[in-house]
Amino acid sequence: MSTTFDYLDRLEAEAIHILREVAGQFERPALLFSGGKDSIVLTRLAEKAFRPGRFPFPLVHVDTGHNFPEVLQYRDLLAAQLGEKLVVRKVEDTIQRQRLREPGGKFPSRNPLQTYTLLEVIEEFEFDACIGGARRDEEKARAKERIFSVRDEFGQWDPKRQRPELWNIYNGRIQKGENVRVFPISNWTELDVWRYIQRENIPLPDIYFGHERTCVVLPSGQLLGLSEHLQLDAEDEIVTRQVRFRTVGDSTCTAAVESDAATVEDIIQDLLLAKVSERGATRLDDNISEAGMEDRKRNGYF
């Protein structure tokens, strides 16, 4: 057996170390699990960190009601296979409970409303740490966030409160009411994630691979999968294309990319030629303003 670590081994070891730090430093952590590729990779890392024991945290999903059905089916299937507790809280219930205003427009995204549901579930279970699959290569606000990201009692992120993380030493000390968002794969890239999926032979929802889908052509040329939540006009162009999804957020704000990629190897080849990040290529909600993601984080977004 080879004793040489390649770069994936090092990334894996770092992520496992971070997960074990969370288990050791916090009383009530949770793993935010959407059924997307990054959170699926986190569950594989958690298996390596804690098996044959149980995960020291539940899986938690904030369901916007606009999620892709294929991803929700896979979420439930994987949680059952893992034998771990899955907590699902719905944005729809929060809208009714807090009398929030539904987003309007042609492409009404509930992504900003996820914050309210996330803060509710943190308060309900008194979670002091929430683990997620955000990566620094995705977006510039995430690029400057630490692996242990402290949030105040309102869930808000203050860049000025970032703590130094020298020599992989993570400080999880917080005051009552505060919590920490933890990003074990922060140093990974999209390509790293796919190469790890390839190496570990991790199954994924079919939506990540090339398939035929009816889409709306946006003014930008992007392709948005047709769904019941879109408010379309008669002049909107509807086409059927061979596409795949690089990321799987709200169906109303996550565009597809044209691709015939049928295997993980095909997707890796696609990525080697890509010139735009996955969020830059697909996420409409990040283009609302230059500081769209950072503003949402300041308000409590993951």
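The values are calculated or read from the model by the stated rules, or taken from the named source; none is laboratory data. Being a predicted model, the structure only gives us computed values, none of them experimental. Note that we place each Cβ from the backbone using ideal geometry, even for glycine, and neighbour counts take in every protein chain shown. Areas reflect the complete protein model, heavy atoms only, side chains present, ligands, DNA and RNA absent. Shrake-Rupley method; radii C 1.70, N 1.55, O 1.52, S 1.80 Å.
Pairs with C-alpha atoms separated by more than 23 Å, drawn from the list 144/275; 90/160; 48/140; 48/85; 106/275, are 90/160; 48/140; 106/275.
Length, then width, then depth: along the principal axes, the Cα atoms of the chain run 56, 54, 37 Å.
Per atom type, the chain shows carbon and sulfur on 49% of its accessible surface, probed at 1.4 Å.
Considering helices alone, the calculated mean residue ellipticity of the chain at 222 nm is -10000 deg cm²/dmol, with DSSP H runs of length four and up weighted by -39500 (n - 2.57) and normalised per residue.
Assuming a ≥ b ≥ c are the square roots of the Cα gyration tensor eigenvalues, decide whether region 68-114 counts as rounded (a/c under 1.5), prolate (otherwise, with a/b larger than b/c) or oblate. Since a/c reaches 1.5 but b/c is at least a/b, the shape of region 68-114 is classed as oblate. Put simply, when 57-67, 142-152 are sorted by average Cβ atoms within 10 angstrom per residue, most first, you get 57-67, 142-152. Under 5 Å from the amide H of residue 255 lie the amide H atoms of 283, 284, each residue being 5 or more positions distant or on a separate chain, with H modelled from the backbone and absent for Pro and chain starts. Quick one: grab the alpha carbon gyration tensor of region 158-217, order the square roots of its eigenvalues as a ≥ b ≥ c, and give me rounded if a/c is under 1.5, else prolate or oblate depending on whether a/b is larger than b/c. It comes out prolate by the Cα gyration axes.
Once you reduce region 37-73 and region 194-239 to the center of their Cα atoms, the two points are 22 Å from each other. Indicate the gyration tensor shape class of region 173-287 (rounded, prolate or oblate), computed on the Cα atoms with a ≥ b ≥ c the square roots of the eigenvalues: a/c under 1.5 is rounded; otherwise a/b larger than b/c is prolate and the rest oblate. In terms of gyration-tensor shape, oblate. Scoring 228-236, 116-124 by mean Cβ neighbours within 10 Å over their residues and listing the highest first yields 116-124, 228-236. Amide H contacts under 5 Å for residue 87: 59, 60, 61, restricted to partners 5 or more places along the chain or on a different chain, H placed in the peptide plane at 1.01 Å from N. The phi-based Karplus calculation (6.51 cos²θ - 1.76 cosθ + 1.60; θ = phi - 60°) puts the 3J(HN,Hα) values of region 173-180 at 6, 9, 8, 4, x, 7, 8, 10 Hz, whole numbers, x for Gly and Pro.
Counting only DSSP beta bridges whose two residues both lie in the chain, roughly 60 percent are antiparallel.
Counting only protein heavy atoms and a 1.4 Å probe, the chain has 48 square angstrom of accessible area per residue.
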